[in-house]
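Colleague: The structure under discussion is supplied below as C-alpha cells; questions concerning it will follow.
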Amino acid sequence: MKTAFFAAIAALLVLGPTASAEISRDVVKIGVLNDMSSLYADISGPGSVEAARMAITDFGGAVNGKKIELISADHQNKPDVGSVIATQWFDNDGVDVIVDVPTSSVALAVQEVARNKDKVFLISGAAASDLTGKACSPTSVHWTYDTVALANGTGSAVVKAGGDTWFFITADYAFGHALERDTAKVVEDAGGKVLGKVRAPLNTPDFSSFLLQAQSSKAKIIGLANAGGDTINSIKQAGEFGIVEGGQKLAGLLVFITDINALGLQTAHGLQLTEAFYWDQNDETRAWSKRFFKMKREPTMVQAGVYGAIMHYLAAIKATGSDDGPTVVKQMKATPVNDFMTKDGKIREDGTLVRDMYLFEVKKPSESKGPWDYYKQIAVIPGEQAFKLPGPNQCPLVKG
C-alpha cells in the first residue's frame, strides 16, 4: 500500500510542471507585422505571411492539442503605428508572439511593448544590432541577421579586396545608423578610412544629391547603408551618373534577392552581399523554396527566417506545455537550431541567433542559367565570426 502511495506522489511530482503549464485562451496566436505596401514589401510583406502559414501547416496546425492561429498587419514603417498594433494584439486580440517587423525603428518600438507585457518577439526583418545590444529584451530573439553580421561579411570582404576608403549613403533611421556604425568600425579596424557620410530620408525617390557628394569624395567605396526600394533606387541612379564607370565601387550592405531581380543582372552583376540564406544553396533550401514559389518569386532570407523562427517557437511551446513568454524563450535559447537554412545555430544570451552567414557575388548575365539564378557563393562566414561584436556586449542581460 505504501509503495503504491509513494509511486502516486512521485508521478504527481513528475507531472506537476507540465500539468500546471497551460496555453492562454486555449489557442496559440501568431501575429506577422511588417511592411505590406511600401519599400520593404518585397523582402517581407505578404511573403512573410505565406512563410508563417507554411510553418503552421508543417507543425500540424496545433500544438499540444491547441489550435494555432495567424493574423497580420501593415505597420507602414511607422513606430507609432507598430506600437499601437502590438498593444492591441497583446491586450485585446490574444496574440502570443509577434514575428518579422522590418524597419528597425518600428522593431525597437514593438520590442518595448513586448518586453513590458512579457510577450515573445521574433525579429526576422529588422537589422539594427541595438535590438540585442543596449535595447535587448529577455523575450526577444533576433533571428535572421543583424548589422554586425552584415558589417563582418560584406564590409570586411570589401576592405580585404582593397576597398579601404569609404563614403556612406545612409538611411536616416535606426537601421541605417546602426549599419553605418558597425561597418565603419570594421573598416577602421582593418586600417581603412571613412571619408564622409550623408543621411538620406527613408523611401526617398531621388538620390542624386547624395550620390554627387559620394562621387566628389573620391572614396573607393560608396557604402549603401540602406535596403529594399532605397537600395534599388540608389544603385539605378548611380548607374545613371556613371559612378562605377568612373572608378568607384558600390557596396550594397544589405541586398536581397528581390532587389537583384528588380535591378537585373546587367545592372547588379559583380555586387558582393551577405545573406543568411539563398534558395539554391542545397537540396533542402531548394525543396522549401519550391513550396514557397506559389508566391511567384523565390523567398528572401527574411521570409525564410520567419518560417524557421516560428517552427522553433512552436517546438518550445510543445516542450514546455506553455506559451508564457519568458518560459518559451528560455527553452528556445536552450535548444540548438537545426532546420533547412540553419545548422547548429545557437541563441546567445542577448537574444542573437548565431548562425553561419554567406558571402555571395551576383552573377553576370552570361553565368545565369535561368530565372532567379543570381548568386554564386564566395565564402561561408562562421557564426562566431559573423556575429562577433565590435566591442563589449551592451545588453544588460549579459553578465560579466
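Colleague: Could you check which residue among A316, A171, A135 shows the biggest mean-square fluctuation in a GNM of the chain with a 10 Å Cα cutoff?
Modeller: Judging by the Gaussian network model, the answer is A135.
Colleague: Have a look at the DSSP beta bridges in the chain and tell me what percent are antiparallel, nearest 5.
Modeller: That works out to approximately 30 percent antiparallel.
Colleague: A further question on this structure: Can you give the Rg to Rh ratio for the stretch 272-379, taking only C-alpha atoms and Rh from Kirkwood?
Modeller: 1.05
Colleague: So with the 1.4 Å probe, I'd like the accessible area per residue for the chain, rounded to whole Å².
Modeller: I get 41 Å² per residue for this part.
Colleague: Ranked by accessible surface with a 1.4 Å probe, highest first, in what order do H269, H142 come?
Modeller: From most exposed to least exposed: H269, H142.
Colleague: Compute a Gaussian network model of the chain, connecting alpha carbons closer than 10 Å, and tell me which residue from S124, S38, S366 fluctuates the most.
Modeller: Maximum among the listed residues: S366.
Colleague: How many percent of all Cα-Cα pairs in the stretch 59-198 sit more than 24 Å apart? Don't skip to the end; give the middle numbers.
Modeller: Numbers: 3913 of 9730 pairs.
Summing the P(r) of the stretch 59-198 above 24 Å gives 40 percent of all pairs.
Colleague: For a quick size check, give me the Cα extents of the chain along its three principal axes, largest first, whole Å.
Modeller: 91, 47, 37
Colleague: Counting only protein heavy atoms, what percent of the accessible surface of the chain is carbon or sulfur at a 1.4 Å probe?
Modeller: Carbon-and-sulfur percentage of accessible area, whole number: 54.
Colleague: Can you tell me, using C-alpha contacts under 8 Å and at least 6 residues apart, the relative contact order of the chain as a whole percent?
Modeller: 19 percent
Colleague: Hey, how many Å between the Cα centroid of the stretch 23-46 and the Cα centroid of the stretch 124-163?
Modeller: About 22 Å separates the Cα centre of the stretch 23-46 from the one of the stretch 124-163.
Colleague: Please give the calculated 222 nm ellipticity per residue for the chain, where each DSSP H segment of at least 4 residues contributes -39500 (n - 2.57) and the sum is spread over every residue; nearest 500 deg cm²/dmol? All intermediate terms of the calculation are to be shown ahead of the outcome.
Modeller: Numbers: 15 runs with 160 residues, N = 400.
Computed ellipticity for the chain at 222 nm equals -12000 deg cm²/dmol.
Colleague: For a quick size check, give me the Cα extents of the stretch 227-273 along its three principal axes, largest first, whole Å.
Modeller: 27, 18, 18
Colleague: Between K296, K218, K66, which gets the highest mean-square fluctuation from a Gaussian network model of the chain, Cα cutoff 10 Å?
Modeller: Ranking K296, K218, K66 by mean-square fluctuation puts K296 first.
Colleague: Can you find, among Y40, L273, L263, the residue farthest towards the positive end of the dipole of the chain? Put +1 on the C-beta of Lys and Arg, -1 on that of Asp and Glu.
Modeller: Looking along the dipole axis, the top candidate is L273.
The values are calculated or read from the model by the stated rules, or taken from the named source; none is laboratory data. All of these numbers come straight from a predicted model, not from anything done at the bench. Quick reminder, even Gly has a Cβ in these numbers, built from the backbone with ideal geometry, and neighbours come from all protein chains shown. The area values use the complete protein model at the heavy-atom level, side chains included, leaving out ligands, DNA and RNA. Shrake-Rupley method; radii C 1.70, N 1.55, O 1.52, S 1.80 Å.
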